[in-house]
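J.: What follows is a structure written as structure tokens; I'll ask about it next.
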Amino acid sequence: MGNPAGVKRNFDALEQRRLKAFALLRQGTHQAEVARQVGVHRQSVSRWEKQVEESGRAGLKKAGRAGRKPRLSEADLKEIERELKRGPQALGYETDLWTLARVADLIEQRSGARFTVGHIWWLLGKLGWSCQRPTGRALQRDETSIERWKKKRWPKLKKKPSGRDAP
């Protein structure tokens, strides 16, 4: 069964479902009927019944969080975001461009945790950061001379179709 992708498990609701099944079993309801009423497989009800026999009602308590604990706390993430907002040059880099390797270096310096580049990408998404491509224009750029070149010089340089290919 499981949960659809992106849906977190509600451990309290799962515990309530097991306790409801336990109450029905104590009333003498058959496992198949209990399974239908709580919306699970009969094998789950059988497993829960064995857990109650082995460790009592406490065997039906919620398990706690799923998966491993995160290596970065919320405070770590806030500090990293503050440093990201300061910019790479404030942290000693030559250019004002964040790369995944630079962000990984920042995280390792601040928290001691090392992550792969793919995970850095995920962390940035979690913080609400996205890929921004720099404009790549020089500061000393002269827009008027660029326009003049595009309108006058470029058409003279551009190849024109020869006799046979001409429209």
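Each value in this text was obtained by applying a stated rule to the coordinates, not by laboratory testing. This one's a predicted model, so the numbers in the text were calculated from it and none came from an experiment. Using ideal geometry, Cβ is built from the backbone for each residue, glycine included, and neighbour counts are taken over all protein chains shown.
J.: From a point 7 Å beyond the Cα of residue 93 in the direction of its Cβ, which residues of region 118-156 have a backbone N at a distance under 14 Å?
T.: Under cut-off, by backbone N: 120-121, 124, 130-134.
J.: Sequence gap at least 6, Cα distance under 8 Å: using those rules, report the relative contact order of region 11-60 to the nearest whole percent.
T.: 32 percent
J.: Can you tally the lysine pairs in region 46-167 where the Cα-Cα distance is under 27 Å and the two residues are eight or more apart, or on different chains?
T.: 14
J.: Given the options 43, 140, 51, which has the most mean-square fluctuation in a GNM of the chain, springs set between C-alpha atoms less than 10 angstrom apart?
T.: 140
J.: If you don't mind, another one. Calculate the FRET efficiency for residue 113 and residue 139 from the Cβ-Cβ distance with a Förster distance of 41 Å, rounded to the nearest 0.05.
T.: With a Förster radius of 41 Å, E is 0.65.
J.: Relative contact order of region 74-126, please, whole-number percent, based on alpha carbon pairs below 8 angstrom and at least 6 residues apart.
T.: Contact order relative to length: 28 percent.
J.: With Rg/Rh (Cα atoms, Kirkwood Rh) in mind, check (i) 1.36; (ii) 1.07; (iii) 0.99 and report the label derived from this structure.
T.: (i)
J.: Next question, about the same structure. Compute the helix-to-body angle for 100-111: its Cα long axis versus the longest principal axis of the chain, expressed 0 to 90° and rounded to tens.
T.: 50 degrees
J.: Under 8 Å for C-alpha pairs, at least 6 residues apart: give me the relative contact order for the chain, rounded to a whole percent.
T.: 12 percent
J.: Taking the Cα centre as origin and putting +1 on Lys and Arg beta-carbons and -1 on Asp and Glu beta-carbons, what dipole magnitude results for region 15-167, to the nearest 20 debye?
T.: Dipole of region 15-167, to the nearest 20 debye: 900 debye.
J.: Size of the dipole of region 74-126 about the Cα centre, Lys and Arg at +1 and Asp and Glu at -1 on the beta carbon, nothing else charged, in debye to 20?
T.: 100 debye
J.: Moving to a separate point now. Once fully extended, how much extra length lies between residue 122 and residue 23, figured as 0.36 nm per residue of separation less the alpha-carbon to alpha-carbon distance?
T.: 31.3 nm
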